[in-house]
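**Q** Structure in structure tokens, see below.
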Number of protein chains: 2
Amino acid sequence: MLREAKITGLIFDPDANAPRITLKTGEGEEVPIWIGMPEASSIALALRKTSLERPITHDLFKNFMVLLGIHVSRVDVCSIRDGTYYAEIHFASNDSTFTMDARPSDAIALAVRFDAPLYVDDTIITEVLDKSEDGAKWAEYLKNLNPEDFGEFEV
Amino acid sequence: MLREAKITGLIFDPDANAPRITLKTGEGEEVPIWIGMPEASSIALALRKTSLERPITHDLFKNFMVLLGIHVSRVDVCSIRDGTYYAEIHFASNDSTFTMDARPSDAIALAVRFDAPLYVDDTIITEVLDKSEDGAKWAEYLKNLNPEDFGEFEV
């Protein structure tokens, strides 16, 4: 079952040496997803509503969709296998809807540009909580974090 | 006037501390364009026909277009102002064509994924040759380059 989630953090995780985005469900469970630097930067820019003089790749992609009358209606983070997350982007136009598989980072970078809701599958939450020994590991992570300037973002 | 050009180099330029792509016209003039690291990596992957397990952003963008029956028919690098290049992507479907402004790096990253031809405007070639004192500066650049492993690419 899918549950709506919000982005509650986007920081640079020194342990993983990679940016990490946190999605939090209405019930308070947190799902951390490690993503690439360009995608993290793109998500941060969109969350901050910063518009650059020159559109970056996700902006170009969005502008292309808008030109065609298509928007992102929702993004589902569907599954996790061997530590890798898989997402699905839902697109909609006046007369049709369709979906595409994508990396969560691209999917979220597009979702935030359309203010589209994010959903996380139950099975991911279960797996993450299991792995983290009832969240203790992630709590430890959060406690020990010394976020880099670039990526700290609270929403 | 636009002239067709080929990608003849994609290297890391230590002087600029940025990747540089070189477009060469049929008449032998070379136009260097400095681009971002993620875009350079994306172009290199596409030129090498390397397919990753997970599509990167330009692959996702391409897959989206293919799903809609749209392709990139050509890319024009149209102008240069204050050292910044501007490009235009030409899209085509069965029943229509349209264009969008883009950064040259995004435009080229998409063009190579569709084997679409690249064109460079005359005015850019004139400006680049002027600035380089008949090409001496670029020749110097090329001579002194110590390309990083990641980006060296000869086509």
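**Q** Do you know which residues across the stretch B:43-65 are loosely packed, with under 12 Cβ neighbours inside 10 Å and of a type in the set (A, V, I, L, M)?
**A** Matches in the stretch B:43-65: B:52 only.
**Q** Continuing with this model, one more query. Quick check on residue B:35: is it out of contact with any helix residue (DSSP H, G or I) (no Cβ under 7 Å at 6 or more places or on another chain) and over 17 Å from residue A:106 (Cβ atoms)?
**A** It is false that residue B:35 is out of contact with any helix residue (DSSP H, G or I) (no Cβ under 7 Å at 6 or more places or on another chain) and over 17 Å from residue A:106 (Cβ atoms).
**Q** Still on this structure, I have one more. What pairs come up if the first residue lies in the stretch B:114-130 and is closer than 11 Å to residue B:3 by Cβ, the second is open to solvent by 50 Å² or more (accessible area, probe 1.4 Å) and not in a strand (DSSP E or B), and their beta carbons are under 6 Å apart, counting only those six or more places apart or on different chains?
**A** B:122/B:1
**Q** Okay, next question. With the requirement that a residue be assigned to a strand (DSSP E or B), away from chain B (no Cβ under 14 Å) and in contact (Cβ under 8 Å) with a residue 60 or more places away in the chain, what does the stretch A:14-38 give you?
**A** Answer for the stretch A:14-38, where residues must be assigned to a strand (DSSP E or B), away from chain B (no Cβ under 14 Å) and in contact (Cβ under 8 Å) with a residue 60 or more places away in the chain: A:21, A:23, A:25, A:30, A:31, A:32.
**Q** If you don't mind, another one. I'm checking my understanding of the structure. Among residues of the stretch B:80-105 that are within 12 Å of chain A (Cβ to nearest Cβ), over 11 Å from the mean Cα position of the chain (by Cα) and assigned to a loop (DSSP other than H, G, I, E, B), which one is nearest to residue B:59 (Cα to Cα)?
**A** In this case the residue turns out to be B:93.
**Q** Could you give every pair whose Cβ atoms fall below 6 Å, whose first residue belongs to the stretch A:60-78 and is closer than 10 Å to residue A:110 by Cα, and whose second residue is part of a helix (DSSP H, G or I) and open to solvent by less than 10 Å² (accessible area, probe 1.4 Å), counting only separations of at least 6 or pairs across chains?
**A** Hits for this filter: A:61/B:61; A:72/A:110; A:72/A:111; A:75/A:107; A:75/A:111.
**Q** Let me ask something additional. How many residues are touching a Lys or Arg at 6+ places or on another chain (Cβ under 9 Å), of a type in the set (Lys, Arg) and farther than 15 Å from residue A:119 by Cβ if we restrict to the stretch A:1-41?
**A** Residues flagged as touching a Lys or Arg at 6+ places or on another chain (Cβ under 9 Å), of a type in the set (Lys, Arg) and farther than 15 Å from residue A:119 by Cβ within the stretch A:1-41 amount to 0.
**Q** Say we look at the stretch B:1-13 and pick out the residues that are out of contact with any helix residue (DSSP H, G or I) (no Cβ under 9 Å at 6 or more places or on another chain) and open to solvent by 50 Å² or more (accessible area, probe 1.4 Å); which of these is farthest from residue B:105 (Cα to Cα)?
**A** B:4
**Q** Follow-up. I'd like to check something: does the stretch A:67-82 contain any residue that is open to solvent by 40 Å² or more (accessible area, probe 1.4 Å) and in contact with a His (Cβ under 7 Å, 6 or more places away or on another chain)?
**A** Yes - at least one qualifying residue is present in the stretch A:67-82.
**Q** State whether one or more residues within the stretch B:14-28 are of a type in the set (S, T, N, Q), at pLDDT 95 or above, open to solvent by less than 20 Å² (accessible area, probe 1.4 Å) and under 24 Å from residue A:87 (Cα atoms).
**A** No, the stretch B:14-28 contains no residue that is of a type in the set (S, T, N, Q), at pLDDT 95 or above, open to solvent by less than 20 Å² (accessible area, probe 1.4 Å) and under 24 Å from residue A:87 (Cα atoms).
**Q** Touching a residue at least 40 places away in the same chain (Cβ under 8 Å), under 15 Å from the mean Cα position of the chain (by Cα) and assigned to a helix (DSSP H, G or I): is that true of residue A:108 in this structure? Explain how you work it out, then say what you get.
**A** Working: touching a residue at least 40 places away in the same chain (Cβ under 8 Å): yes; under 15 Å from the mean Cα position of the chain (by Cα): yes; assigned to a helix (DSSP H, G or I): yes.
Yes; evaluated as a whole, the condition is true for this residue.
The values are calculated or read from the model by the stated rules, or taken from the named source; none is laboratory data. On a predicted model such as this, the values are computed, not experimentally measured, just so you know. Glycine also receives a Cβ, built like all others from the backbone with ideal geometry; neighbour counts cover every protein chain displayed. The protein model used for the area step is the full one, side chains on, heavy atoms only, and it has no ligands, DNA or RNA in it. Shrake-Rupley method; radii C 1.70, N 1.55, O 1.52, S 1.80 Å.
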